[in-house]
Structures are given as structure tokens and as C-alpha cells.
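Beneath this line is the structure, given in C-alpha cells, with notes to follow.
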Amino acid sequence: MATTTQRRSAEERREEILGAALVEFAVYRPLVRRVGDVQKSYGEPRYVVYVIRHQGEVRWQELGDSAEIDARVGALREALSDPMRKDVERLARAVDLRSCSPFAPCSVRQSAC
């Protein structure tokens with residue numbers, strides 16, 4: 001019986017798995033001032049992304065102020081909910097430039113996290 005799907009070899013599947021990455025976004029508040037061990041002052045929330053592959057070091061990239069990124073994502077969601085909006089592509093690109101492009105393989109920092 002013929003099928004329309006092509007079977008992949010075990011080696012092709014293995015290469016695909018080994019080339020995969022876990023991309024994890026996180027929000028943190030940076031410590032900006034410490035007075036003794038008790039009082040701490042924290043900055044505004046910020047996003048960071050970590051990229052973890054099967055082999056090699058964990059890579060990370062600071063993405064920036066969470067309020068700015070959240071506002072861009074909110075504007076995109078609003079535009080996506082309205083089929084008459086013509087600015088979806090522009091808004092999607094703004095989100096991509098701020099939250100995805102910075103962790104392209106050539107720009108993500110290597111860290112020993």
C-alpha cells in the first residue's frame with residue numbers, strides 16, 4: 001500500500017532532534033541596590049531569553065524592559081483579533097525585532113549558566 005508521506009530514516013530523525021533547542025523566556029527584576037543583607041531595591045521587570053541545545057553552552061540574551069515588550073505584544077494581539085486591520089505585519093515585525101531577533105544564533109551570548 002502506497003502512502004503520500006515519505007518515511008524518514010532514523011539518522012534524519014536523530015539529526016533533527018539534536019538540532020532542536022529549548023527557548024525559554026523569563027521575567028526578572030534586577031537588583032540595583034543592596035544595603036546590608038536586609039534591604040534590597042529592585043529595578044523594573046525585564047525579559048531575558050535562554051536557548052538550550054542538546055550540546056554546548058546555554059546561550060542567553062537580555063531582551064529589555066518588559067512593559068515595552070508587553071505593550072508591543074498587546075498591540076499585535078489586538079490587531080490580530082480584528083480582520084479589518086492592515087497593520088498586523090508591521091506590528092508582528094516590531095514584536096519580532098524586540099523579542100525574537102536578538103537571540104538569533106549569531107547574537108546570543110554564551111554563558112556558563
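So in region 51-67, with the set limited to residues that are outside any strand (DSSP E or B) and touching a strand residue (DSSP E or B) at 6+ places or on another chain (Cβ under 6 Å), which one is nearest to Ala26 (Cα to Cα)? Don't jump to the end; show me each part of the working.
Let us first name the residues in region 51-67 that are outside any strand (DSSP E or B), namely 54-57, 66-67.
Filter once more, keeping what is touching a strand residue (DSSP E or B) at 6+ places or on another chain (Cβ under 6 Å): 57, 66.
Numbers: Glu57: 18, Ser66: 10 Å.
Among those that are outside any strand (DSSP E or B) and touching a strand residue (DSSP E or B) at 6+ places or on another chain (Cβ under 6 Å), it is Ser66.
Here are Val27, Val73, Val95, Val48: which of them is modelled with pLDDT of 90 or more, part of a helix (DSSP H, G or I) and β-branched (Val, Ile, Thr)? Give the steps one after another, and end with the answer.
On the way: Val27 fails: part of a helix (DSSP H, G or I); Val95 fails: modelled with pLDDT of 90 or more; Val48 fails: part of a helix (DSSP H, G or I).
When all the criteria are applied, what remains is Val73.
Pairs please, first residue from region 62-78 and within 13 Å of Pro45 (Cα to Cα), second anywhere and among the polar types (S, T, N, Q) and assigned to a helix (DSSP H, G or I), Cβ atoms under 7 Å, 6+ apart in sequence or on different chains.
Leu63/Ser99; Ile69/Ser99
For region 20-61, which residues satisfy the criterion of being touching a helix residue (DSSP H, G or I) at 6+ places or on another chain (Cβ under 9 Å), touching a residue at least 24 places away in the same chain (Cβ under 8 Å) and surrounded by 11 or more Cβ atoms within 10 Å (Cβ to Cβ)?
Listed by number, the residues that qualify are Val23, Phe25, Val27, Tyr47, Val49, Tyr50, Val51, Arg53, Arg59, Trp60, Gln61.
The values are calculated or read from the model by the stated rules, or taken from the named source; none is laboratory data. Only a predicted model underlies this, so the values are computations on that prediction, with no experimental measurement involved. So basically every Cβ, Gly included, is an ideal-geometry build from the backbone, and we count neighbours across all protein chains shown.
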